[in-house]
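Below is one structure; the comments refer to it alone.
The values are calculated or read from the model by the stated rules, or taken from the named source; none is laboratory data. What you see is a predicted model, and the numbers here were worked out from it, not measured in a lab. When we count neighbours, we look across all protein chains shown, and the Cβ atoms used for this are built from the backbone with ideal geometry, even at glycine. Surface areas here come from the heavy atoms of the whole protein model, side chains and all, with no ligands, DNA or RNA. Shrake-Rupley method; radii C 1.70, N 1.55, O 1.52, S 1.80 Å.
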Amino acid sequence: KYSDLYDFAPVAYFNLDHGGTIRAVNLTGTGFLGVERSLLIGRRLDLFISDEPRPMFHDFLDKVFASESKETCEVVFLNERHSPRFVQVGAVISESREECRAVIIDITEREVAKETLRRAKEEWERTFASVPGMIAIIDNHHRILQVNEAMARRLGLKREECAGLHCYEAVHGTSVPPDFC
């Protein structure tokens with residue numbers, strides 16, 4: 001019963017020594033790495049981590065072995081069969097202090113969604129800023145949230161100076177009369 005729970009969990013489990021050598025791994029972990037369990041035991045986990053976050057992973061292991069609390073980090077696994085896999089690693093030191101127990105969760109979908117959102121936002125900004133017509137986005141209190149370059153030029157302000165202004169102030173250059181709203 002517990003073997004099934006360990007091996008077929010929806011997350012990867014690893015037992016690692018201080019150097020990051022794999023002492024135990026569940027079947028989900030072998031799937032993440034694309035290597036049979038018997039070939040993983042005794043290998044260092046950092047060999048499957050992309051170059052850039054590898055030093056951060058070593059710092060992470062140092063923190064785990066120096067701490068009594070759970071530590072976390074995010075890294076990218078690389079293997080020959082799959083595209084990069086973004087993961088979050090959480091680990092705690094064992095009672096013997098000779099190894100740590102790590103759980104690894106696949107966050108690839110989340111990271112891809114964040115990157116897609118970032119690109120869409122950049123594209124929106126480029127498009128919004130370059131529209132030749134004047135555009136202003138205002139809130140329900142008539143405060144300017146954002147203007148494009150054409151509108152900022154028309155108002156004689158920089159785009160960032162317009163944010164937060166009341167529409168009346170932006171157009172007339174004076175404060176809002178008390179009876180205006």
Per residue, in Å², the accessible surface of the chain once ligands and nucleic acids are set aside, probe 1.4 Å: 63
Part-to-part distance (alpha-carbon centres) for region 46-110 and region 14-40, which is given in Å: 12
Per residue convex hull volume, Cα atoms of region 38-115, in Å³: 108
C-alpha long axis of helix 108-130 to longest principal axis of the chain, angle in °: 20
18 Å tail of the calculated P(r), region 83-166, as % of Cα pairs: 64
Where the Cα pairs of region 124-166 fall when distances are cut into 10 Å bins, in %: 34, 57, 10
Cα radius of gyration and Dmax for the chain (Å): 26.3, 79
Solvent-free Debye scattering, log10 I(q)/I(0), computed from the Cα coordinates of region 5-65 at q = 0.16, 0.21, 0.24 Å⁻¹: -0.50, -0.84, -1.03
Neighbour cut-off at most 13 other Cβ (10 Å), DSSP loop, GluC sites (Glu not before Pro), region 1-85: 36, 68, 80
Sequence-separation-based contact order of region 59-181, relative, with Cα cut under 8 Å and 6+ spacing, percent: 13
Charge dipole (debye, nearest 20) of region 64-180; +1 at Cβ of Lys and Arg, -1 at Cβ of Asp and Glu: 440
Most mobile of 117, 145, 33 in a GNM of the chain (Cα contacts under 10 Å): 145
Accessible surface of region 1-142 [probe 1.4 Å, protein heavy atoms]: carbon and sulfur percent: 56
Which of 32, 73, 102, positive extreme of dipole for the chain (C-beta unit charges): 32
Of 153, 85, 119, the one that fluctuates the most in a GNM where the chain has Cα springs shorter than 10 Å: 153
Cα-based Lys proximity count in the chain, under 29 Å, for pairs eight or more positions apart or on separate chains: 4
Loop-resident sites, region 1-68, for trypsin sites (Lys or Arg not before Pro), counting at most 15 other Cβ within 10 Å (DSSP): 1, 43
